[in-house]
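The values are calculated or read from the model by the stated rules, or taken from the named source; none is laboratory data. Keep in mind that what you see is a predicted model, and the values were worked out from it rather than measured. Glycine gets a Cβ as well: all are built from the backbone with ideal geometry, and neighbour counts include every protein chain shown. We work out accessible area using only protein heavy atoms, side chains counted, and drop any ligands, DNA or RNA first. Shrake-Rupley method; radii C 1.70, N 1.55, O 1.52, S 1.80 Å.
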Amino acid sequence: MIRSIETDYRRCLLFNAGLMPYIDGLLWQRSLLQERIHNPSLDDILILLEHPPVYTWGQGSNPEFLKDLDQSKFDVHRVERGGEVTYHCPGQVVGYPILNLHYYRKDLHWYLRQLEEVLIRVLAVYGLTGDRLPGFTGVWLEGRKVAAIGIKVSRWITMHGFAFNVCPDMTGFQQIIPCGIADKPVASLAEWIPGITCQEVRVNIAQCFAEVFNVELVESMGD
């Protein structure tokens, strides 16, 4: 259990899921979102998991960024988040915060910057300096993108979230222009820290998330 020093912090349930098909994670998020729309007093949730190889399009994604996805052996899903096409696979920690922003700040730009801050702090744990780039969403390391962010908010309750490249097989990115950014390459944390694992990074993500959002994270086994 990860607890804050103070006892009046908002409670947030932490689900450390394993490898989960993308559609299962999507339906889970939608269910949690609807529950909280109907009952805003429910606890917030942070889901950390990995997905089998899959491509996802955000709302309004430009087909020019998809390259030869018709020939892809992986599933492709168009979903309700913002942002362009991205790729998920094992070795990438995906975080889905289901937060009621009425309890934080009703400001989507603030929320995006907070998600970036979580991952910048995770990099700092390893002595690495994560950067933001003006006009873009996500986190860069030495000019290479290591984390993508895309969200959906309904009645100020969030879903979707971030994808942090820890130690994935990066070849799947070759079939797309990730996030629609052609001139800025993607990278994984393993290129700076060989042998790093998603398991250890998950711990740091959870701790940094608790700090940035000022919550008490309580590990949960159910769904």
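With all projection directions averaged, the alpha carbon convex hull of the range 104-165 covers 4.4 nm². Of the residues Ile157, Ile193, ranked by 1.4 Å probe accessible area with the largest first, the sequence reads Ile193, Ile157.
Taken one residue at a time, the phi angles of the range 186-198 give Karplus couplings (6.51, -1.76, 1.60, θ = phi - 60°) of 9, 8, 10, 4, 4, 5, 9, 10, x, x, 5, 10, 5 Hz. Gly and Pro are set to x.
Stretching Asp43 away from Val76 to a fully extended chain increases their span by 8.7 nm, per 0.36 nm per residue minus the current alpha-carbon distance.
Each peptide in 128-136, 95-103 gets a packing score, the mean of other Cβ atoms within 10 Å over its residues, and the list from highest to lowest is 95-103, 128-136.
What the phi angles of the range 32-47 give under the Karplus curve with 6.51, -1.76 and 1.60, with θ = phi - 60°, is a coupling list of 5, 4, 5, 4, 7, 5, 6, 9, x, 7, 5, 4, 6, 9, 10, 9 Hz, glycine and proline written as x.
Separation of the range 113-131 from the range 143-162 is 15 Å, based on Cα centroids.
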